[in-house]
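Attaching a single structure in structure tokens format; questions to follow.
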Amino acid sequence: DITSSSHGSGARNITTATKQDKLATALKIKDQAAQARSLIGDVCQGRTISPEAFTPLVNDVAKTMEENPSLYIGMSRLRFRDSATFVHSLAVAALMLHFARSMQMDEEIVQQLCMAGILHDIGKLTISLQVLQKQGPLSAAERSLMEQHPERGYQLLSNTPGMSPLVLEICRSHHERLDGKGYPDRLAAEKISTEVRISTI
């Protein structure tokens, strides 16, 4: 249950939290989104950056989640106008972290999944805003362009020395489907790892 917490009855969700709690969490998420924007921007601009540069942000997301997972997830589902893409990535990172820990996965894998959540949509930043922010259905050509974002993100991250193979795999494959109708590689169930399946959910 994603709304439950091991921290007992003191845990709060977005409907029961005080205004002060919500504000504190929102400010924390906005600060994390700003960090994500800066780091992801460096990758997109081709600047040399090590995967370890993401460690403080990953640790911060993990710490905030541990304090109150329900409230963090609830607040991260809100969209702050100036950083919607980055807040979405934080929400995915938090959910993947929570999911992996509930499955008692190795902590190193948990950390990599959190990083993968932050980076999974990096390829979208290479798609024109006209398509990315379009209201209403995409045309066939626009959808084809949008479906290039996993491969584009994978290529971007592949240029980062030392990037985890798991992060690369999730970036490329998070839109694959068990029935083989996903993209970009139309992978069927037996070819989709547990970690990638977590990201697709």
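How many residues does region 124-144 hold that are at pLDDT 95 or above and surrounded by 15 or more Cβ atoms within 10 Å (Cβ to Cβ)?
1
Still on this structure, please answer the following. Give the residues of region 102-137 that are at positive phi and small (Gly, Ala, Ser), sorted by residue number.
If the condition is that a residue be at positive phi and small (Gly, Ala, Ser), then GLY136 is the only one that fits.
Can you name the condition, by its number, that GLN45 falls short on among (1) free of Cβ contacts under 8 Å to residues at least 12 places away in the same chain; (2) surrounded by 12 or more Cβ atoms within 10 Å (Cβ to Cβ)?
GLN45 satisfies every listed condition except (2).
Look through region 100-123, keep the residues that are surrounded by 13 or more Cβ atoms within 10 Å (Cβ to Cβ) and not in a helix (DSSP H, G or I), and return whichever of them is nearest to the chain's Cα centre (by Cα).
For region 100-123, the residue satisfying everything is HIS120.
Here's something else I'd like to know. Any residue that is under 24 Å from HIS149 (Cα atoms), open to solvent by 10 Å² or more (accessible area, probe 1.4 Å), under 13 Å from the mean Cα position of the chain (by Cα) and without any contact (Cβ under 8 Å) to a residue 24 or more places away in the chain - is there at least one of those in region 78-86?
Taking every residue of region 78-86 in turn, at least one turns out to be under 24 Å from HIS149 (Cα atoms), open to solvent by 10 Å² or more (accessible area, probe 1.4 Å), under 13 Å from the mean Cα position of the chain (by Cα) and without any contact (Cβ under 8 Å) to a residue 24 or more places away in the chain.
Return the only residue of ALA62, ALA34 being in a helix (DSSP H, G or I) and either buried (at least 21 other Cβ atoms within 10 Å of the Cβ) or touching a Leu at 6+ places or on another chain (Cβ under 7 Å) (or both).
ALA62
Would you be able to say whether some residue in region 77-99 is assigned to a helix (DSSP H, G or I), modelled with pLDDT of 90 or more, farther than 23 Å from LEU168 by Cα and not aliphatic (A, V, I, L, M)?
Scanning region 77-99, I find no residue that is assigned to a helix (DSSP H, G or I), modelled with pLDDT of 90 or more, farther than 23 Å from LEU168 by Cα and not aliphatic (A, V, I, L, M), so the answer is no.
Further, regarding this structure: Taking region 124-148 only, how many residues are in a loop (DSSP other than H, G, I, E, B) and touching a residue at least 60 places away in the same chain (Cβ under 8 Å)?
Number of matching residues: 0.
Follow-up question, since we're still on this one. Can you report the number of residues in region 151-168 which are surrounded by 15 or more Cβ atoms within 10 Å (Cβ to Cβ) and either touching a Ser or Thr at 6+ places or on another chain (Cβ under 7 Å) or of a type in the set (Phe, Trp, Tyr) (or both)?
Residues meeting the conditions: 3.
Filtering region 169-201 down to residues that are assigned to a loop (DSSP other than H, G, I, E, B), among the aliphatic types (A, V, I, L, M) and free of Cβ contacts under 8 Å to residues at least 60 places away in the same chain, which residue is surrounded by the fewest Cβ atoms within 10 Å (Cβ to Cβ)?
In this case the residue turns out to be LEU178.
In this structure, is SER158 within 26 Å of LEU71 (Cβ to Cβ), among the polar types (S, T, N, Q) and out of contact with any Lys or Arg (no Cβ under 6 Å at 6 or more places or on another chain)?
So SER158 does not fit the description; no.
The values are calculated or read from the model by the stated rules, or taken from the named source; none is laboratory data. Since we're looking at a predicted model, the values are computed, not measured. Using ideal geometry, Cβ is built from the backbone for each residue, glycine included, and neighbour counts are taken over all protein chains shown. Ligands, DNA and RNA are excluded from the accessible area calculation, which covers all protein heavy atoms including side chains. Shrake-Rupley method; radii C 1.70, N 1.55, O 1.52, S 1.80 Å.
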